[in-house]
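Student: Got a structure here, written out as structure tokens. Questions coming.
What follows draws every value from the coordinates through simple rules; no lab data is involved. Everything numeric here is computed off the predicted structure, so don't read it as measured data. Cβ sites come from the backbone with ideal geometry, for glycine too, and all protein chains shown count toward neighbours.
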């Protein structure tokens, strides 16, 4: 079984300009409790936020004019990071797990590969099944296709699967990729 050491891509952090970092001359301002204060000069909105000992944060920079809210920026950033951590914890990245067999695999080893395959499928991953042909085994590709077909039938009896990639020969390997249906 092969273990993947791919690095996970991190999501780019959203940039929320606040106070003196706001570069537009006017913003549509929302109060601390969500009331609409209307379109204001940015400097006046910042002054109003400072009087309340809060920050002016642009929450929608693509609107015309951009929408800014008077709030505590530290608490807002903490809430954003907390939501991102929760989203990250609930997501499942689908990996392709590889199960390797040979043409002359024993019954017990075949059962172990079947258990591994079922575990991977139940976790929601794709499974690539490979039969590696060595030496004279390359002339017995028909037996390898039969062996793989029988193995897939056993797996399909336990868990309903479908082909992501049909059984095919790639050099000295016979491969198929399956996923849980």
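Student: Of all residues in the range 157-181, which are farther than 14 Å from residue 126 by Cα and either outside any loop (DSSP other than H, G, I, E, B) or touching a residue at least 60 places away in the same chain (Cβ under 8 Å) (or both)?
Tutor: Hits for the range 157-181 are 157, 158, 167, 168, 169, 170, 173, 174.
Student: Look through 115, 98, 58, 93 and report the one residue that is closer than 30 Å to residue 169 by Cβ and surrounded by 15 or more Cβ atoms within 10 Å (Cβ to Cβ).
Tutor: Checking each option against the conditions leaves just 98.
Student: Restricting to the range 48-105, give me the number of residues that are closer than 30 Å to residue 146 by Cα and part of a loop (DSSP other than H, G, I, E, B).
Tutor: Number of matching residues: 5.
Student: Could you list, in sequence order, all residues of the range 42-91 that are touching a helix residue (DSSP H, G or I) at 6+ places or on another chain (Cβ under 7 Å) and without any contact (Cβ under 8 Å) to a residue 24 or more places away in the chain?
Tutor: none
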